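Trainee: One structure is given below, represented as structure tokens, and several questions about it will come after.
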């Protein structure tokens, strides 16, 4: 049974908006680590869950990125959506793990480690445009774990990296 249209992820995705979302994740992750306010891990996890389910449609951070912050950055740079959804799903698992560790078990050291990893990878995406989840998705496709039909445009993500971005 197909998902309702409201629960679809955009394809393609504006990479500039994705990088803005990653910057928001960095800020929220750093604030959480600095203040030890572990309830913020739930906010992070909910944001990831909303973006996995429907892209930026229901995510306040996603909507801000797509509709307010990214447009002044110039023409969109379109990239395949499935790897970005996979990356959001990884963020969901990591942030939910941090929330469960801190709030469910009092394991704030584990939560700090998970959030630290999340902040590092979100920083790589926001500052350098390197999406580790997208990189892993490409490797999973090459290994046959992710079927080619999942993302025909990203069967060879290295081709995308060599193409000039649209003007």
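Trainee: Scan the stretch 118-144 residue by residue and report those that are more than 19 Å from residue 12 (Cα to Cα) and crowded, with 16+ Cβ neighbours inside 10 Å.
Mentor: Hits for the stretch 118-144 are 118, 119, 121, 122, 123, 124.
Trainee: Quick check: is even one residue across the stretch 95-102 within 12 Å of the chain's Cα centre (by Cα) and either modelled with pLDDT of 95 or more or surrounded by 17 or more Cβ atoms within 10 Å (Cβ to Cβ) (or both)?
Mentor: Yes; the residues of the stretch 95-102 include at least one that is within 12 Å of the chain's Cα centre (by Cα) and either modelled with pLDDT of 95 or more or surrounded by 17 or more Cβ atoms within 10 Å (Cβ to Cβ) (or both).
Trainee: Working only within the stretch 54-84, note down all residues that are part of a helix (DSSP H, G or I), crowded, with 23+ Cβ neighbours inside 10 Å and under 12 Å from the mean Cα position of the chain (by Cα).
Mentor: Within the stretch 54-84, 61, 62, 83, 84 qualify.
Trainee: Considering (1) in contact (Cβ under 8 Å) with a residue 12 or more places away in the chain; (2) farther than 27 Å from residue 140 by Cβ; (3) under 18 Å from the mean Cα position of the chain (by Cα), say which one residue 108 fails and leave the rest.
Mentor: (3)
Trainee: Of the residues 132, 122, which is at pLDDT 95 or above and within 19 Å of residue 35 (Cβ to Cβ)?
Mentor: 122
Trainee: Among residues belonging to the stretch 1-23 that are outside any loop (DSSP other than H, G, I, E, B) and modelled with pLDDT under 90, point out the one that is farthest from residue 59 (Cα to Cα).
Mentor: Here the residue is 5.
Trainee: Just give me the residues in the stretch 33-53 being in a helix (DSSP H, G or I), over 14 Å from residue 120 (Cα atoms) and either touching a strand residue (DSSP E or B) at 6+ places or on another chain (Cβ under 9 Å) or touching a residue at least 60 places away in the same chain (Cβ under 8 Å) (or both), in sequence order.
Mentor: 39, 41, 42, 44 - these are the residues of the stretch 33-53 that are in a helix (DSSP H, G or I), over 14 Å from residue 120 (Cα atoms) and either touching a strand residue (DSSP E or B) at 6+ places or on another chain (Cβ under 9 Å) or touching a residue at least 60 places away in the same chain (Cβ under 8 Å) (or both).
The values are calculated or read from the model by the stated rules, or taken from the named source; none is laboratory data. This structure is a prediction, so every number in the text was calculated from the model and none was measured. We place every Cβ from the backbone using ideal geometry, glycine too, and count neighbours over all the protein chains shown.
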